[in-house]
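The values are calculated or read from the model by the stated rules, or taken from the named source; none is laboratory data. Values in this document were obtained by computation on a predicted structure and should not be read as measured data. Reconstructed Cβ throughout: ideal geometry from the backbone, glycine too, with neighbour counts over all protein chains shown.
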Amino acid sequence: FLNFNPHLHIIASDGCFYNNSEFMVGIEPNAKDLEASFAMEVINMLEREGKINGAIINNMANWQHSGFNVYCGQSVKPWDKEGIERLAQYIVRAPISQERITYISHSTDGINRIIYKGKTSNTYETFIPLDWLARLVTHIPNKGEQLVRYYGYYSNKSRGMRKKEENDNIVPALISTDISKKKFRRNWARLIQKIYNVDPLLCPKCNGEMGVISFIEDEETIKKILKHLKIWMTYNHDPPEDKKNHLTVHIEPRSMEWWETKEDTACQGSFIEDIHQMPYEDEYSQLTPYEDHIC
């Protein structure tokens with residue numbers, strides 16, 4: 001999170017499937033060989049996209065360190081279910097860790113701050129709330145963007161073809177499970193227990209197993225239940241905004257110029273003042289320099 005670097009996480013089979021039913025273990029991959037091939041693919045992609053040219057490629061070829069690195073971890077055996085699960089969790093882990101976040105709500109200067117600890121114990125970075133959100137939203141994927149892809153034997157096409165041929169028995173054999181259909185339908189409870197370490201189907205009084213009677217969706221009914229349990233949270237709303245004195249900021253998309261409109265009874269009307277945009281890093285950092293222009 002603190003040291004941004006584009007990279008990929010890959011879970012790959014240590015071998016090849018053949019005859020739709022057997023698996024042949026391959027040799028241990030050499031990270032250096034994969035590094036050279038990966039670097040070439042990325043460089044060719046950037047050249048096709050017009051991001052770099054031949055001169056830059058020749059310059060990069062003379063670098064002592066290519067800027068690319070490939071790490072191959074230890075193999076995980078098919079019967080090591082916990083190891084496979086830990087590896088899969090690492091692949092799709094979140095960009096930040098809640099345990100590394102320290103929120104300071106009251107600072108000496110009156111500004112709230114977030115302190116984020118890096119992977120090493122000596123790495124810290126302090127953010128104000130808006131800067132923290134700006135850094136965080138860069139990790140939100142675009143609409144429709146796929147973050148996890150399956151290739152080869154595990155691709156949707158390959159699995160669909162095997163299912164069509166009724167020869168998909170190898171997948172249950174490699175990823176076997178002892179969960180019955182009845183327990184599988186209650187998968188939501190298992191996931192809640194895995195994340196929050198609380199079994200939602202365990203009775204807090206007798207420790208017996210509970211069953212789902214119905215799903216309550218009515219807002220008033222939910223409110224009554226939570227109030228009875230004394231866990232209903234009420235929020236105090238801010239007073240209504242005073243419309244007599246307010247600041248409205250308009251952005252013209254083409255010229256990227258800012259206009260500020262200030263309505264004030266002391267000025268006996270409103271005015272529009274054209275202020276050219278200053279160099280900036282964030283949109284919200286532009287509001288402060290123009291406070292002096294308020295009538």
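Structure notes:
- Residue in the range 202-220 that is under 30 Å from A94 (Cβ atoms), assigned to a helix (DSSP H, G or I) and modelled with pLDDT of 80 or more present: no
The rows are residues; the columns are (1) closer than 29 Å to K119 by Cα; (2) in contact (Cβ under 8 Å) with a residue 24 or more places away in the chain.
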| residue | (1), (2) |
| --- | --- |
| N58 | no, no |
| A61 | no, no |
| Q64 | yes, no |
| K81 | yes, no |
| V92 | yes, yes |
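- Selection status of Y153, touching a residue at least 60 places away in the same chain (Cβ under 8 Å) and more than 15 Å from F1 (Cβ to Cβ): yes
- Residues satisfying the stated conditions in the range 82-117, i.e. farther than 18 Å from L8 by Cα, of a type in the set (G, A, S) and modelled with pLDDT under 85: S97, S105, S107, G110
- Unmet criterion (only one of (1) at pLDDT below 85; (2) under 18 Å from F23 (Cβ atoms); (3) in a loop (DSSP other than H, G, I, E, B); (4) not basic (K, R)) for S158: (3)
- Here is the figure for the range 78-100: residues that are surrounded by 10 or more Cβ atoms within 10 Å (Cβ to Cβ) and part of a loop (DSSP other than H, G, I, E, B) total 6.
- Hey, R149 charged (D, E, K, R) and assigned to a loop (DSSP other than H, G, I, E, B) or not: yes
- Some residue of the range 29-47 being of a type in the set (V, I, T) and over 23 Å from Y154 (Cα atoms): yes
- Of the residues making up the range 7-28, not a single one is within 30 Å of D131 (Cα to Cα), touching a residue at least 40 places away in the same chain (Cβ under 8 Å), surrounded by 10 or more Cβ atoms within 10 Å (Cβ to Cβ) and in contact with a Pro (Cβ under 8 Å, 6 or more places away or on another chain).
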